[in-house]
Each structure stands twice: as C-alpha cells, then as structure tokens.
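The structure appears below as structure tokens.
The values are calculated or read from the model by the stated rules, or taken from the named source; none is laboratory data. Note that the structure is a prediction, hence the values are computed from the model and not measured. Here the Cβ positions follow ideal geometry from the backbone for every residue, glycine too, while neighbour counts run over all protein chains shown.
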Amino acid sequence: MTAPVLDVRNLSTHFFTDDGEVKAVRNVSFSVAPGETLGIVGESGCGKSVTAMSVLGLVQRPGKVVNGEIMYKGRDLLKLTKEELRAIRGRDIAMIFQDPLSSLNPVLKVGYQIEEAMHAHDKIANADIENRTIDLLKQVRVSDPTRRVNDFPHQFSGGMRQRAMIAMGLSNKPDLLIADEPTTALDVTVQAQILELLRDLNEQTGAAIILITHNLGVVAGLCKRVLVMYAGEIVEEGTVEQIFEAPQHPYTWSLLRSVPRIDANRGHRLLSIEGLPPDLIALPDGCKFNPRCPFRIERCFSESPPIEQVAPAQHAACWVTMQKAYADMGAGTITDTSPGAASGVHPRRRQPLATVAEAADVPAVLAEPEPVAEPVND
Amino acid sequence: MAAVVAPSFEEYAGGTVARAQVGLWRDGFRRLRRNRLALAALIYLAVLLLVAVVAVFWTPYNPATILPNVLTYLGPSAAHPLGTDELGRDLLSRMMQGAQISLIVGVGTSAIVLTVGVTVGLVAGYFRGWIDNVISVFINVFYGIPGILVAIILYLVLGRGLGNIMIAISATAWMDMARLVRGQAFSIREREYIEAARASGAKSGKILFGHILPNALGPIIVQATFVIPIAILTEAFLSYLGLGIPEPLASWGSIASEGYAALPLEPYMMLWPALALSITLLAFNFLGDGLRDAFDPRQRR
C-alpha cells in the first residue's frame, strides 16, 4: 500500500465555551490514500466539519485542537507555523463548502476569485493563470466560460456557484480536496451533476477527496470507503459495500434504516432514530450511543468500546458486534452477555439493508427536511 | 387611485431577473438620484467645488492684497459683489479662497480618517484578541475627551499650517470610523466566503483589504461623507478663534470672526461666511443621509 496522503492520529478538538468544554471531536484516527474517495457521514453536530476544519487549521476560538497528529507528507500539520499552514491550504489541501451561495464573495467577480486562489500560491505561473481559470471553468462544465469569468456570483445559479467553488478548489492541483456537504444546498438534479463532476475530477486529476455529508445516498454515489461518526467519535469504518450491506455498528444500521426507500411499502412509517444525540459537554458514560441503542447490553453503560476490526477492512466500536465477531473468528468470547439487550435483531444477523447501487438511486434529498435552494437552470 | 394589476408572469420574472442583475453600486446610485434633497446637495457641492477650483487660477482680485483707493467695510456693489473687509480686501475673492480651504480641509481630513480609521478598524475587527482589546480600550478612553479640545491643543503643539490643521482634526475623528469598520469587520469575518478565502490560503492582508473592505464599503463611504462637514466646521471654529490657518489666507471662519467685530458697522461681512458655512454643512449632511439611505441594506425596498 502506498503511503497515505493524509494520516490523522488521535485527533481531539474541543471548544471551550462558557457553558463548559464541548468535546466536539474525540480521538479520531483515519487515513486517506492518494486518489482515494473517503466519505465521512453522521448527523448534524457529530463533528464531521470540525474534523475537516482541524485538518486545515481553521478551527476558530474558542475551539482548539487539544490532541493528536495530522500527518501530511511526513509533516505534522499541527506543528507548522501559521504561515507554513497557509501555504498548504488551497495549494496542497483544498476545501469546498456547503453553501455555494455564501462561499463566494458577493462583490468580486467569479473569475477574479478563482485567479486569486492561484495568486495566493506560486504553484501556477502567473502567465498561465488567466487561461487556466477559463480551462477550469470549462472542466467543471460551466458553459461559455470566457464570458462567465466576468460575472458576479449573484449572476450564477446555485449549481454553477458550486462548480466555480470546485474550480477554485482544484485550481492549484491539490493532492486532497475536502468537500464539506458540497451538495446539501443544491436541488436533487444538480446534486447528481455535482457528484458526477467530483467523480470525474477524482479520476482525471487523481486528487483524493474527503466527502463530508449526512446524506447516505451521496456517499454511496461517490465514495469507496466510509467513516461513520457519532457524537465526535468514529464508530464505524469500512468499504462502502460493507457499510451499506453489512453495517456493524447499531448507529450505522439505524441510519440506513431511516433512509426513505423508493421501493418501500406505502403503509410503512419512515423509521427514525429515537432520542437525540448526546450533549457534547456532558457525555454519557460508556458507549456514547447507548441511550438510543436498541441492542445495548450492560457493558455499554460502563465501558466505552474501542474501535476494532470486525471484518476484513471493517472496524466498529460496539461491544455486541465485537463479541459476535470474536465468536465468528473462533477467538475467546466476551462473557457478560446481554442482560440489558433490548428487543430487536442485531445488525449482524440481518439481511443486507440495501445494496450500494440501490442506495445511490435513493432520492436522497427526501431524507433532508431542509429547504432546497432556489431553482436553478444549470 | 389606479387599479392594481397583477404583473404577468413575464413581467414578474423579468422584474426579478432585472433586479438581480443590478449591482450594489448602480442600485445605490439609482436610489440616491430619487432623493431630491441629496441630489440638490450634490449639485450645490459640485458648484462649490467648481468655485474652489476656479479660485486656484482666478479670483476677481487677489484675496490677500489690500486694494489701493478702496474703502473698507464697503457694502455689495458692482465692483465688489460681496463688498470689502476691514482692510479693503475684496470679500468675494476671499470667500472663494475660503471655499477652497474648507474643501481641502474637509476632504483632506476625511482621507486621513479613512486611511487610519479603516486600517485600525479592520485589524481590530478581524484579528480580535489582544490587539482588538488594546485598540478598543484606547478608543474608549479617548472618546470621552472633546474632539475640539484635542484639536486645539494638538494644533498649537504642531504649529500652524493647512496640513497640521487636518492632522489635528483627524486626531479624534478617526475613532468613529475605526469603531464602525471594526463592527463591520467583526460581522463580515464570520461569513462563509471569508472562511473559504482562508481555506484557499489567502494571506491576512488580502482577506482584510480584498475581501472584507469591499463588503464594508457602503457604510464607510457614508461615514467618510459625514467627516467632511465636521472637519470644515472645526476648521472654521479654530479660524474664528484666531487659531486657524495663518493670515493672509482667508478662511470662512476668520472672515466671520472679522465680520463679527464689524457687525454694527457692516452686517454683510458676517452674513456671507455664515451662509456659506451653513449651506455647505447642510449639503454634506443631506448627501450623507442620502448615501446612507441608498446603501444601507436595511433600507432596501
């Protein structure tokens, strides 16, 4: 295996507020191989975005990275000076944001903003910048780019603005593109186009992509590997097939169950995960998912499960799953079985919930009660 | 009253599109043009500027020369439309020079205030932390001291001169600007496009002047417009006290002061500078109000 482009080890980011210390990201470790597409999923407030911000050193006061290493090409990003980190941002690791409407400066021309991203670094020769801007817009499929570079953001539709943001992100040929909810503010058809664009660009440019989303359909459509985060921790990690077809953590399982299916029985109520995510200031003891977990056992209330391998290339942090996995592997069993196990069938014994292909077809926006952005002619 | 007709789809769509296409600036100036008072003020100020520019090359008489064979305290006449002063100098020429001085002081002070206030405000609002604390405490402490007092003391220390009078007035006037810009920077720095710029590796200077400043330009221009009449009035006041620009340069303030002494003899000499000052200050205030209405997003209809 080649050396990872990004290797995050035991990252913890806390926010020091008046109400207490919000432990937004705790002990998160993951790595991204060159050219890989990694999805990070989880509900709002589970620490996905804070993880991304930590990587780029963009966490603002009162937030602070309190522990960990973020290795990029053998250098720990957390140990760099502000200026060294600035030189990496946008040049080697680029980021695109959720809301393309507010991510472009409204008073500056789109072309100017893309050029500016290149001028900030010396990777692209000054003489090439103007042509490259037009080429980039062409590459992200903005029609009539020679004219469009002189437009202001309000003259662009939502989808085009996100395309311009992607062009800006790719302008310095980064090794890694972090896309934080890139399609959330867009309508479904435009979502699909943007995902297709990201997929193509990943193949063409070889830039690794970290896709942050709460939308499982989006992950299925783009990513090869998936991290599932809950309450600031990674609870499960695996290939996209494993996550969708054989989820090992009850949270992943619950998430998948709450995706509306186009082929579902009409009389079926859409299932949701009961309860709310925990307060990140006062976390529950033991497994952070235990108050909402249908499969919890006694041990879940006292001890926090470590993330361990449960299948080839698949890791999960769940006592119940591990117990079963150990048994399957013929290793020693964990003895304190199920006095508290609630009703329900453990994910491991269930049939696959969905195949990846099916999940990608799900009109994912239905999972989102959030209003869709203005209609666009993209 | 005319019947209300619902717009057709095309009109409605056309209107929306047209509105979206109009930029901030054009939109603002369109609203400014609809404001009669601001427009009148703008026209008056244009004429005043013309007079001041003309005065550089030509005045009816040399404003500093004591004219031979001319009576002092002359009333308006064909030869001297505004009369003459206590030394027999032509008042029209002196008023024209006064307009020049007033505009130079007003605009010059405003430029200094802009440069200092905007830079300090941006730095405080963007970087926050200790640097903001230092600046804010400094401003809050000096805010309580009357600007005119600071201006008088500083001007006496610096010595007389057109440049020094502008510096003396700016010494306190920049603080309002800095406060305003700090507040703007405070809110704009939280916008997502600033975060996006930071994520793309933009340098702090670029973010400050290339991203935050353009978005705060509306209120800054309005504030800069309001600084001009304050500076003009302060200069006139200092000149009235005899502390202003050195003789024989004419300022509206010094003409008024000389006219006040001659009030029982010749009321016109007091009248002209008082009128010129009042109308000019009003005009700048109307223009400032008009600009604020035109560029304040909360006022947008």
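Here is a yes/no grid of residues against (1) surrounded by 20 or more Cβ atoms within 10 Å (Cβ to Cβ); (2) at pLDDT 90 or above; (3) more than 25 Å from the chain's Cα centre (by Cα):
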| position | (1), (2), (3) |
| --- | --- |
| B:GLY83 | yes, no, yes |
| B:LEU87 | no, no, yes |
| B:ARG94 | yes, yes, no |
| B:SER102 | yes, yes, no |
| B:VAL105 | yes, yes, no |
| B:THR109 | yes, yes, no |
| B:THR119 | no, yes, no |
field: Spans of helices (runs of 4 or more DSSP H) in the range B:123-190 with at least 3 residues within 30 Å of B:LEU249 (Cβ to Cβ)
entry: B:147-158, B:162-188
- request: Taking only the range A:86-98 into account, find how many residues are within 7 Å of chain B (Cβ to nearest Cβ), more than 20 Å from the chain's Cα centre (by Cα) and of a type in the set (A, V, I, L, M).
  value: 1
task: Look at the range B:216-240 and say how many of its residues are touching a residue at least 40 places away in the same chain (Cβ under 8 Å) and over 25 Å from B:ASP289 (Cβ atoms).
output: 1
task: Please tell me if A:LEU38 is touching a Phe, Trp or Tyr at 6+ places or on another chain (Cβ under 8 Å) and within 21 Å of A:ILE96 (Cβ to Cβ).
output: yes
- request: Kindly establish whether A:VAL228 is more than 23 Å from A:THR13 (Cβ to Cβ) and at pLDDT 90 or above.
  value: no
Residues satisfying the stated conditions in the range A:186-234, i.e. among the aliphatic types (A, V, I, L, M), farther than 22 Å from A:GLY158 by Cα and not in a strand (DSSP E or B): A:ALA207, A:ALA220, A:ALA231
task: Inspect the range A:120-137 for any residue being in contact (Cβ under 8 Å) with a residue 24 or more places away in the chain, closer than 30 Å to B:GLY218 by Cβ, at the interface with chain B (Cβ under 9 Å from one of its Cβ atoms) and surrounded by 20 or more Cβ atoms within 10 Å (Cβ to Cβ) and give the result as yes or no.
output: yes
Pairs, first at pLDDT below 55 in the range B:289-301, second not aliphatic (A, V, I, L, M), C-beta under 6 Å, six or more apart: B:GLN299/B:ASP293
query: Does B:LEU213 qualify as being more than 14 Å from chain A (Cβ to nearest Cβ) and either in a helix (DSSP H, G or I) or closer than 25 Å to B:LEU291 by Cα (or both)?
result: no
- prompt: Of everything in the range A:104-119 that's facing chain B (nearest Cβ under 8 Å) and over 25 Å from A:GLN191 (Cα atoms), which residue is surrounded by the most Cβ atoms within 10 Å (Cβ to Cβ)?
  reply: A:GLU116
message: Name the residue that is nearest to A:PRO153 (Cα to Cα), counting only residues in the range B:23-58 that are assigned to a helix (DSSP H, G or I) and within 14 Å of chain A (Cβ to nearest Cβ).
response: B:LEU24
- prompt: Can you name the condition, by its number, that A:LEU101 falls short on among (1) within 11 Å of chain B (Cβ to nearest Cβ); (2) modelled with pLDDT under 90; (3) within 19 Å of the chain's Cα centre (by Cα)?
  reply: (3)
task: Please work out which residue is nearest to the other protein chains (Cβ to nearest Cβ), limiting yourself to the range B:196-206 and to residues that are part of a helix (DSSP H, G or I) and surrounded by fewer than 20 Cβ atoms within 10 Å (Cβ to Cβ).
output: B:LYS206
query: If you go through the range A:158-184, how many residues are within 14 Å of chain B (Cβ to nearest Cβ) and farther than 19 Å from B:SER200 by Cβ?
result: 2
query: Only one of A:LEU78, A:LEU38 is more than 13 Å from chain B (Cβ to nearest Cβ), of a type in the set (A, V, I, L, M, F, W, C), surrounded by fewer than 24 Cβ atoms within 10 Å (Cβ to Cβ) and not in a loop (DSSP other than H, G, I, E, B); which?
result: A:LEU78
- request: Give just the number: which of (1) loosely packed, with under 15 Cβ neighbours inside 10 Å; (2) in a loop (DSSP other than H, G, I, E, B); (3) modelled with pLDDT of 90 or more does A:SER143 not satisfy?
  value: (3)
message: If A:ASP151 satisfies all but one of (1) away from chain B (no Cβ under 12 Å); (2) outside any helix (DSSP H, G or I); (3) over 29 Å from the mean Cα position of the chain (by Cα), what's the number of the condition it fails?
response: (1)
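Rundown of residues vs (1) over 15 Å from the mean Cα position of the chain (by Cα); (2) at pLDDT below 85; (3) within 28 Å of B:ALA171 (Cβ to Cβ), yes/no style:
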{"site": "B:SER204", "(1), (2), (3)": "yes, no, yes"}
{"site": "B:ILE245", "(1), (2), (3)": "yes, yes, yes"}
{"site": "B:ALA256", "(1), (2), (3)": "yes, no, yes"}
{"site": "B:LEU271", "(1), (2), (3)": "yes, no, no"}
